[in-house]
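Remarks on the structure that follows.
The values are calculated or read from the model by the stated rules, or taken from the named source; none is laboratory data. Because the structure is a prediction, the values reported are computed rather than measured. Please note: Cβ atoms are built from the backbone with ideal geometry, for glycine as well, and neighbour counts cover all protein chains shown. Side chains are part of the model used for accessible areas, which takes the heavy atoms of the whole protein and leaves out ligands, DNA and RNA. Shrake-Rupley method; radii C 1.70, N 1.55, O 1.52, S 1.80 Å.
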Amino acid sequence: MTLWKVFPGEDFAYEVDFLERAHVGISFGFARDLREFDSEDDIKQQHDNQPGVLWRFCHELERGDLVAVPLSQHRINVGSITGDYVFREEDPHHIRAIHWHAVDLPDAEFGEELVKSIRSPSTFHRVNVEGGRERVMELSSRWIDLYLKRAQTYFDSGQLDSQELHYKHEMIEGLGRARSALFADDPQWPALVRKALSVQGSPMTWRSGTAIYSWFDSAPDEARDAMRAFWSDDDNDQWDIKRIRRLVERIPESNSFRRSEIGMTLRTVSALLMALGPDHPPFTKTSYELAYQATHRPRPRRGADPGVMYAHALAFLDRLIDRATALSLERPADRLEAQSLIWIMYQDSAQAGQPDEQEDQLEHQPPSLAALADELLLPLEFLETVQRLLDDKRQVIFQGPPGTGKTFVAKRLVEHLAGAAERVRLVQFHPSYAYEDFVQGYRPALDDQGRATFTLRDGPLVELATRALNDPEHDHFLVIDEINRGNLAKILGELYFLLEYRNEAIQLQYSDALFRLPRNLRIIGTMNTADRSIALVDLALRRRFHFVEFHPDTAPIKGLLHRWLSAHAPELLWVAEVVDLANEKLEAREAAVGPSYFMKAGRTEQQVELTWNHNVLPYIEEQLYGEPDRLREFGLDVLRAELKVGADAVDPPVGAGGDDADD
């Protein structure tokens, strides 16, 4: 087994392509099938650009060989070749299939000499560093092994059995009885399905259950035929993909079942699939995503349908079981145990409100902007637009009502783009904030003899600008929260000039030295449009910033609460409808109710009521100043009654237990 390096194209152009399509490739502008040539010299007669490299890629790279692919953000993907050479018309032309063992590993884990070889300018070569192959093999399973070792406490304590496995085995047995009844033409099979999935902790949410059981009742023959095909005895991953696709196509679309909501769709279908036994565990999207991230395993490709997503999850569970066996661990012993482990670790992480320990160790960043978009439930195109705006003027302001996620998105985006915490700084403007606080000023101090004096100190802007000047290879980011809450002319001073003319220097108010804003210093400000007590920014500053809207009635914030609740608390989806109706009634776009009030994991209906009555209603009351009679229109019960949603209008949740909080 040989260790190779494959570079993902100029400017890392194929980085995402390699990862999502599970292959590596090279091109050198030669669009001919390399199998047509008998030797390196034959290739050279037709194409003199790297004929030896092309020959080795086709004939010397073998199945089972290890491959390291350097990424743009000081990260490396590693995998093993699984397929023979393939030629294709699109670039890169020369392809080998790969199985990714670990992705997004930090350079620092590989060691200086190995990283130097992997990041060398060549496109494809053998990595001949002593011990390099062994180091890559160890890293390819290191994080999944750490994950499993941390997990053993759940098995040893009995917590996993009592909290997860007992009720899931009950569901499997109950669904097995329903399946037997179906194939025996017993008309009670739908009732048995409902009973099996009514236990506390059921992955079948009440909303999805409403859709499935209504289908059973309204189209019994069609549902019977579809479920017979779904519960057939064929048992392999490819058939699982087909059976899931076919069932999803046959379940009628409704407000309770939308095929476009991939995670919720698969969660619903996987609950039914448990009838086939422990090898077909339930699926909750967010818990798997956290596990993929913690173990540095690749996620399903973007746009994957529910069948492919489920097969990917099963392969991950099998990998956990294989590594447990290799580590001489007795558990997890089957897919149900592995899935239950993923779920309980996700629950504990969410309840603690703390990042995963492995993520802390690695200062992990998402492998791509697409991964961040998925995490934030925002369109990839939106984040790409913000990135282009930052590349253009280097300063952007997010503006919109409170609760629309301006600061949260700004922080997550700059953390991703910066790649390291030390390249990010956050400040908040307020009425008492001044030039001396932000840029540079004299501050009280004691001299060497303990006497009171004043010393010139740099503020956060000058500090970060200096750091950026000394680190030209990386972008540095300043987030200014509530930028319009301060006296901007007083705070910014000479920055009005420097923000527009990045290549020029100017003397600061308290210093003789010239100062300039480096081009690799990017700024994102956030601006509240609802508070009448604060001013909007003047035209001079507007000309220096790009402005990005964060309003509940336009993308990307439009529909965000619905997307989040679908993924994390589907039993509370009615809250999104209530917020939309309240905003329609407000008729004040700049003062709309934002979604962030309700985007907290583990919320119950009672907590929603508390938030509405003690956060949202006081805010609405201020917006309706002088119109006290209108406030009654915005009571939570009034809005729910108007929409006919919530507990009074629908059947109670089916199995509103632990799993309902995820996807």
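Structure notes:
- Between Ser218 and Ser511, the simple spin-label model (points 7 angstrom out along Cα→Cβ) gives 6.9 nm.
- CD proxy at 222 nm, helix term only [per DSSP H run n ≥ 4: -39500 (n - 2.57); per residue of the chain; nearest 500]: -13000 deg cm²/dmol
- Restriction of the GluC sites (Glu not before Pro) in the stretch 87-124 to DSSP coil positions whose beta-carbon has at most 14 other beta-carbons within 10 angstrom yields Glu89, Glu90.
- Scanning the chain for DSSP H helices at least 24 Å long along the axis (C-alpha atoms) with a Kyte-Doolittle mean no lower than 1.6 picks out nothing.
- For the stretch 26-166, the equivalent ellipsoid derived from the Cα gyration tensor has semi-axes of 39, 18, 12 Å, listed largest first.
- Taking a sphere under 12 Å around the Cβ of Glu436 and counting the other residues whose Cβ falls inside, with K and R at +1 and D and E at -1, yields a net charge of +1.
- In Å, descending, principal axis extents of the Cα set of the stretch 388-461: 51, 29, 22
- The stretch 1-62: trypsin sites (Lys or Arg not before Pro) in DSSP coil with no more than 15 other Cβ atoms inside 10 Å: Arg21, Arg32
- Placing a label point 7 Å from the Cα of Glu549 along the Cα-to-Cβ direction, the residues of the stretch 400-415 whose backbone N falls under 15 Å of that point are 400-401.
- The listed residues Thr554, Thr526, once ranked by accessible area (1.4 Å probe) with the largest placed first, stand as Thr554, Thr526.
- When the GluC sites (Glu not before Pro) in the stretch 284-349 are filtered for DSSP coil states and for at most 13 other beta-carbon atoms within 10 Å of their beta-carbon, the remaining sites are Glu330.
- Entry comment: accessible area of the chain is 45 Å² per residue, from protein heavy atoms only and a probe of 1.4 Å.
- FRET efficiency for Met137 and Glu622, using Cβ-Cβ distance with R0 set to 60 Å, rounded to 0.05: 0.45
- Taking packing as the residue-averaged number of other Cβ atoms within 10 angstrom, the listed peptides 443-449, 155-161, 135-141, 282-288 run from highest to lowest as 282-288, 135-141, 155-161, 443-449.
- Computed from the Kirkwood radius of its Cα pairs, the Stokes-Einstein diffusion coefficient for the stretch 462-549 at 20 °C and 1.002 mPa s stands at 151 µm²/s.
- Protein accessible area in the chain, 1.4 Å probe - carbon and sulfur %: 47 percent
- Once Rg and the Kirkwood radius are both taken over the C-alpha atoms of the chain, their ratio Rg/Rh works out to 1.01.
- Rolling a 1.4 Å probe across all protein chains gives His59 an accessible area of roughly 80 Å².
- Rounded to two decimals, the Cα-based Rg/Rh of the stretch 211-337, with Kirkwood Rh, is 1.00.
- Formal net charge of residues neighbouring Gly174 (Cβ-Cβ distance under 11 Å; K, R +1; D, E -1): +3
- When the Cα positions of Pro518, Ser596, Pro460 are compared along the charge dipole of the stretch 458-597, Pro518 comes out farthest toward the positive end, with charges on each C-beta of Lys, Arg, Asp and Glu.
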